[in-house]
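Data first, discussion second: the structure below is written as structure tokens.
The values are calculated or read from the model by the stated rules, or taken from the named source; none is laboratory data. In this text, all values refer to a predicted model and were calculated from it rather than measured experimentally. Here the Cβ is made from the backbone with ideal geometry for all residues, glycine too, and neighbour counts use every protein chain on show.
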């Protein structure tokens, strides 16, 4: 089925398409992605488990809340497509490498060998009788994904209005 359209004001249509092109650039994509990531990041930090003991780990002081305080938002260059897709990760810094053990449940003391690897993988995924999983990243994501999407849409709409007002 074919449809025919007649455009009365070609200059106006062209101008509107230029406006859309100006508004939807890589900077806008990144701003929107970071705005959504911040919503999720804040919830992850709120849900992160906080221990009770301070101490030293690998020669560095660790205090209760160290993992929570070392959560960060990082640009994911491998998953991003310049001008089309901006991908960000919410993760922990290398000083808080043990976050994966907290999130998934894994005893730190287990040495990985060929014999222990299958059980270690299962324990990491599901927790173990000694170290249960304490998930906080996935539940935070599930709880805030609609709010994050809304925030991203707000950033894009704001940019579209800014560019339209300048024209």
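So how many residues does the stretch 25-52 have that are more than 18 Å from residue 97 (Cβ to Cβ) and out of contact with any helix residue (DSSP H, G or I) (no Cβ under 6 Å at 6 or more places or on another chain)?
Summing the residues that are more than 18 Å from residue 97 (Cβ to Cβ) and out of contact with any helix residue (DSSP H, G or I) (no Cβ under 6 Å at 6 or more places or on another chain) in the stretch 25-52 gives 13.
Is there a residue in the stretch 90-104 that is at pLDDT 90 or above, within 25 Å of residue 156 (Cβ to Cβ) and touching a strand residue (DSSP E or B) at 6+ places or on another chain (Cβ under 8 Å)?
no
Scan the stretch 76-88 and give yes if some residue there is surrounded by 18 or more Cβ atoms within 10 Å (Cβ to Cβ) and either under 26 Å from the mean Cα position of the chain (by Cα) or farther than 30 Å from residue 153 by Cβ (or both), otherwise no.
yes
Need a quick list: strands (runs of 3 or more DSSP E) entirely within the stretch 1-89 having at least 2 residues that are modelled with pLDDT under 85 and in the same structural domain as residue 154 (by TED's automatic domain parsing).
Here the list reads 55-57, 60-62.
Residue by residue through the stretch 124-146, note down the ones that are modelled with pLDDT of 90 or more and surrounded by 13 or more Cβ atoms within 10 Å (Cβ to Cβ).
140, 141, 143, 144, 145
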